[in-house]
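Data block below; observations after.
Just so it is clear, none of the values below were taken in a lab; they were calculated from the coordinates. For clarity, every value in this text was computed on a predicted model and none was experimentally measured. Counting neighbours? That spans all protein chains shown, and the Cβs are built from the backbone with ideal geometry, glycine included.
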Amino acid sequence: MQSLYDIPAPAKLNQFLRIIGRRDDGYHLLQSVFMLIDWCDILHFERRPDGKITREDLNWPLPEEDLSTRAARALQEATGCKEGAHIGVAKSVPAQAGMGGGSSDAASTLLALNRLWNCKLSLQALSRIGLSLGADVPFFLGGHHAWVEGIGEKLTPLQLPKADFLVVKPDAGLDTRLIFSDPALKRDSEPAIISGFAANAFGNTQSNPGFGRNDLQAVAQKLCPGVTQALDWLAKQGLSGRMTGSGSAVFAHLPQGVIWDAATVPNAFQVRQCSSLDVHPLHGWATSDS
């Protein structure tokens, strides 16, 4: 095998997000549900015999050391693999959106190069490498929607009903560090339980504020007016929105039969109708230890 083309890296939506405490090292303890959606980056991989890792940006320019190249180097270091790869990245998932685009790229890179280089690492071994790259990477390796706890590393797979969403990304992005360092951030929410969420997974923010909220949203709206503008636009469509992750993207559950007006989308917004994925497209690419 010399190449792997058209490898998807799907985004995620946080169906809710609570901050329930803070560790002594400063990391915040959270609870959330991550849902895979069909808004994807596309990656291409070609084997290099010289051990070098190179990358080609197929649309948007990326930082020199993005998460796909970092993931490739981390896999080399963990396995001692002498082979290299040329990576092509066609970005679609917006950056600084709270949708996990970079982490998903890293996960798909680990899965693809594990196969291309014949490393034969298990899913658990890849997840350990992934966690060193970012707390969200193990989720994308896991392949399923998940109840998420700790700093993002404790995952419980979930089965959730198929659903459609309207996702809105304002022009401005948000720096996660600014939100988590803000003194106004709520850090003492009551812990939730899985059964409580499952009983009303897609309740809207008005009638079901317990799960239809994101504790980062208030600070994000203070830092980025585009978040409020995007939520207001969703409200004009008759939809109740919330922010995903640390933003700046927001989303709303789109009930069957509801029509939204594409003609009213502000020029600075990216808007996409998305569907949840039953399973990650690369699920099964690595074997499990269990």
Practice task
Work out the length of the dipole vector of the chain about its Cα centre, built from +1 on the beta-carbon of each Lys and Arg and -1 on the beta-carbon of each Asp and Glu, and round it to the nearest 20 debye.
Solution key: 240
Handout entry: Sequence of SER246, SER276 once ranked by neighbouring C-beta atoms within 10 Å, starting from the fewest
Key = SER276, SER246
Fill in the blank from the handout: Exposure-ranked with fewest Cβ neighbours within 10 Å first, PHE16, PHE269 stand as PHE269, PHE16
Problem - the stretch 82-98 and the stretch 230-290: distance between their alpha carbon centers, rounded to Å - result: 21
Completion exercise
The exposure ranking of VAL271, VAL279, VAL137, VAL219, fewest beta-carbon neighbours within 10 Å first, is VAL279, VAL271, VAL219, VAL137
Exercise for the section: Scan [x] 0.97; [y] 1.06; [z] 0.94 for the value of Rg/Rh (Cα atoms, Kirkwood Rh) calculated from this model and give just the label. Expected result: [x]
Fill in the blank from the handout: For the chain, the helices passing both cut-offs (Cα extent along own axis of 27 Å or more, Kyte-Doolittle mean at least -1.0, full DSSP H runs) are none
Problem - Two-site FRET efficiency, ALA218 against ILE193, from Cβ-Cβ distance with R₀ of 22 Å, rounded to 0.05 - result: 0.40
Handout entry: Those residues of the stretch 94-136 whose amide nitrogen sits under 13 Å from the label point placed on VAL265, 7 Å along Cα→Cβ
Key = 94
Exercise for the section: Rounding to the nearest 20 debye, state how big the charge dipole of the stretch 27-103 is about its Cα centre with +1 on each Lys and Arg Cβ and -1 on each Asp and Glu Cβ. Expected result: 160
Practice task
Send over the Kirkwood Rh of the stretch 48-114, from the inverse of the averaged 1/r over different Cα pairs, rounded to one decimal Å.
Solution key: 12.3
Handout entry: Gyration tensor (alpha-carbon) shape descriptor, the stretch 164-275, a/c threshold 1.5
Key = oblate
Problem - Only Lys, Arg (+1) and Asp, Glu (-1) charged, at Cβ; the stretch 3-157 dipole about Cα centre in debye - result: 360
Fill in the blank from the handout: With the dipole of the chain defined by +1 on each Lys or Arg Cβ and -1 on each Asp or Glu Cβ, the option from GLY150, GLN273, LEU116 whose Cα lies farthest towards the positive pole is GLY150
Fill in the blank from the handout: Note: the stretch 1-153 at 37 °C, 0.692 mPa s; Kirkwood Rh on alpha carbon pairs; Stokes-Einstein D in µm²/s works out to 208
